[in-house]
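The values are calculated or read from the model by the stated rules, or taken from the named source; none is laboratory data. The structure presented is a predicted model; accordingly, all values stated were derived computationally and were not measured. Here the Cβ is made from the backbone with ideal geometry for all residues, glycine too, and neighbour counts use every protein chain on show.
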Amino acid sequence: MKKDCCWEGWIRTKNGVKLCDCAIEKRKDKIGSRFKNCNLETLDLRSSQKEAKAIKTNPEDSYFLTGNFGTGKTHILVCQYDYLLKLYRLPVAKFFREVDLVNDWQDWDNGRYYTVDEFRQQKVKHLFLDDLGRSKPTERVQQEMYGLIDWIYTAEIGLTISSNFGYEELTNIYGGAIVRRIRDICQEIKI
Ligand SMILES: [Zn+2]
């Protein structure tokens with residue numbers, strides 16, 4: 001990537017600054033180098049992924065992708081993430097692996113602790129949670145996750161989740177209140 005495209009990922013515009021394409025590539029690369037070329041427009045869905053066509057049609061909506069390991073859920077999430085980063089041109093779309101978020105919540109002293117207040121200040125518009133249900137959350141983490149999902153619901157923030165589990169199994173991991181909120185927010189996509 002050429003270095004003179006921006007200043008540390010930012011391009012000056014009439015109304016402020018916007019994210020450069022190279023910074024968007026960097027964000028995807030951080031999730032995993034195999035996701036570097038994820039692009040919603042060129043995303044070719046396999047027949048087992050046909051329900052995910054809804055994301056291509058309405059890429060600003062909220063989705064819950066559920067299916068077995070290796071069905072391409074994260075790839076589809078990163079495609080939507082890439083689309084929204086380019087649409088908003090500001091880092092108001094946030095991508096988290098559930099385990100990273102939960103590890104930070106469980107490591108109160110040394111972790112990077114994300115609060116709803118922080119997301120609100122950053123004017124976050126869409127949050128991605130990859131691989132929900134992977135961790136074994138403590139009661140405190142369940143409360144934090146509920147606070148986050150409930151804020152997304154009331155503030156009408158976009159939310160896209162991937163999980164190897166369905167709603168019933170997630171209820172056992174996170175409790176019914178969180179799962180009810182997710183069902184209120186997201187369209188379910190089985191792949
Ligand atoms: Zn650049």
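Table: residues versus (1) touching a strand residue (DSSP E or B) at 6+ places or on another chain (Cβ under 7 Å); (2) within 21 Å of Ile31 (Cα to Cα).
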| position | (1), (2) |
| --- | --- |
| Ala93 | yes, yes |
| Phe96 | yes, yes |
| Tyr113 | no, yes |
| Tyr153 | no, no |
| Glu156 | no, no |
| Ile182 | yes, no |
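Table: residues versus (1) in contact with a His (Cβ under 9 Å, 6 or more places away or on another chain); (2) among the aromatic types (Phe, Trp, Tyr); (3) within 24 Å of Leu19 (Cβ to Cβ); (4) modelled with pLDDT under 90.
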site: Lys56; (1), (2), (3), (4): no, no, yes, no
site: Lys73; (1), (2), (3), (4): no, no, no, no
site: Arg89; (1), (2), (3), (4): no, no, yes, yes
site: Gly111; (1), (2), (3), (4): no, no, no, yes
site: Leu127; (1), (2), (3), (4): no, no, yes, no
site: Lys136; (1), (2), (3), (4): no, no, no, yes
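If you go through region 165-187 and keep only what is surrounded by 15 or more Cβ atoms within 10 Å (Cβ to Cβ) and not aliphatic (A, V, I, L, M), you end up with Phe165, Gly166, Tyr167, Thr171, Tyr174, Gly175, Arg181, Cys186, Gln187.
Residue check: Val102 meets all listed conditions (1) in a loop (DSSP other than H, G, I, E, B); (2) touching a helix residue (DSSP H, G or I) at 6+ places or on another chain (Cβ under 7 Å) but one, namely (1).
Does Lys73 satisfy the condition of being charged (D, E, K, R), touching a helix residue (DSSP H, G or I) at 6+ places or on another chain (Cβ under 6 Å) and closer than 30 Å to Tyr167 by Cα?
Numbers: charged (D, E, K, R): yes; touching a helix residue (DSSP H, G or I) at 6+ places or on another chain (Cβ under 6 Å): no; closer than 30 Å to Tyr167 by Cα: yes.
So Lys73 does not fit the description; no.
Taking residues in region 8-19 that are within 15 Å of Lys86 (Cα to Cα) and modelled with pLDDT of 90 or more, and partners anywhere that are within 12 Å of the ligand (Cβ to nearest atom) and assigned to a loop (DSSP other than H, G, I, E, B), the pairs with Cβ atoms closer than 9 Å and at least 6 places apart or on different chains are Gly9/Cys20; Trp10/Cys20; Ile11/Cys20; Leu19/Cys6; Leu19/Gly9. Candidates in region 24-39 are the residues that are free of Cβ contacts under 8 Å to residues at least 60 places away in the same chain and outside any loop (DSSP other than H, G, I, E, B); of these, the one that is farthest from the ligand (Cβ to nearest atom) is Arg34.
Anything in region 3-23 that is surrounded by 13 or more Cβ atoms within 10 Å (Cβ to Cβ) and either near the ligand (Cβ under 9 Å from one of its atoms) or among the hydrophobic types (A, V, I, L, M, F, W, C) (or both)? List them, or say none.
Listed by number, the residues that qualify are Cys6, Gly9, Trp10, Ile11, Val17, Leu19, Cys20, Asp21, Cys22, Ala23.
Here Phe128 meets the list (1) crowded, with 17+ Cβ neighbours inside 10 Å; (2) farther than 29 Å from Ser47 by Cα; (3) not aliphatic (A, V, I, L, M) almost entirely, failing just condition (2). Here Lys190 fulfils each of the conditions (1) modelled with pLDDT under 95; (2) surrounded by fewer than 18 Cβ atoms within 10 Å (Cβ to Cβ) apart from (1). Taking residues in region 155-177 that are under 23 Å from Val124 (Cα atoms), and partners anywhere that are assigned to a helix (DSSP H, G or I) and basic (Lys, Arg), the pairs with Cβ atoms closer than 8 Å and at least 6 places apart or on different chains are Ala155/Arg120; Ser162/Lys73; Ser163/Lys73. The set of residues in region 118-148 being within 17 Å of Asn103 (Cα to Cα) and β-branched (Val, Ile, Thr) consists of Thr138, Val141.
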